[in-house]
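Working notes, beginning with the structure itself.
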Amino acid sequence: MNIEIKVIPSSKKREIIFEDNNLKIKLISKPQDGKANKELIETLSKKLKIAKSKIKIIRGEKTKNKIVEIDGIENLEEIRYKLLNKKN
């Protein structure tokens, strides 16, 4: 499944926000040398409980607006539930 994500790098804390079906993820890393992209993949992997190898940025490597491919999850509701679940 492909999802659109707006990444907000250089934030004070890591946070995942859903607003009107739009996903925003605040990251601590700066957008230099792929650090924010790496943190994005690590964050998604941990929250969704899937391997990092199943998550791929397919568009937006150098921009805040990204399209991310996630293998193994088929619907947005499952992604939303897992990302917003505080126990992860």
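We did not get these values from a lab; they are worked out from the coordinates using the rules stated. None of these values were measured; they are calculated from a predicted model.
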In a Gaussian network model over the chain where Cα atoms closer than 10 Å are linked, find which of GLU69, GLU39, GLU77 has the largest mean-square fluctuation.
GLU77
³J(HN,Hα), Karplus 6.51/-1.76/1.60, whole Hz, each residue of segment 16-26, x for Gly, Pro
10, 10, 10, 10, 6, 6, 9, 9, 10, 10, 8
Let me have the relative contact order for the chain, percent, based on Cα pairs under 8 Å that are six or more residues apart.
31
Aspartates and glutamates whose Cα lies under 18 Å from that of LYS82, excluding same-chain neighbours fewer than 8 positions away:
GLU4, GLU15, GLU19, ASP20, GLU39, GLU42, GLU69, ASP71, GLU74
Quick shape check on the chain: root eigenvalues a ≥ b ≥ c of the Cα gyration tensor, a/c under 1.5 is rounded, otherwise prolate if a/b tops b/c, else oblate, and it reads rounded
Quick one: of LYS30/LYS52; LYS26/LYS46; LYS13/LYS52; LYS26/LYS54; LYS13/LYS66; LYS30/LYS62, which pairs are farther than 18 Å apart, Cα to Cα?
LYS30/LYS52; LYS13/LYS52; LYS26/LYS54; LYS13/LYS66
Treating the angle as unsigned and between 0 and 90°, give the value, to the nearest 10°, between the Cα long axis of helix 35-48 and the longest Cα principal axis of the chain.
20
Eigenvalues of the alpha-carbon gyration tensor of segment 29-75, times 5 and square-rooted, give semi-axes in Å, largest first, of 19, 12, 7
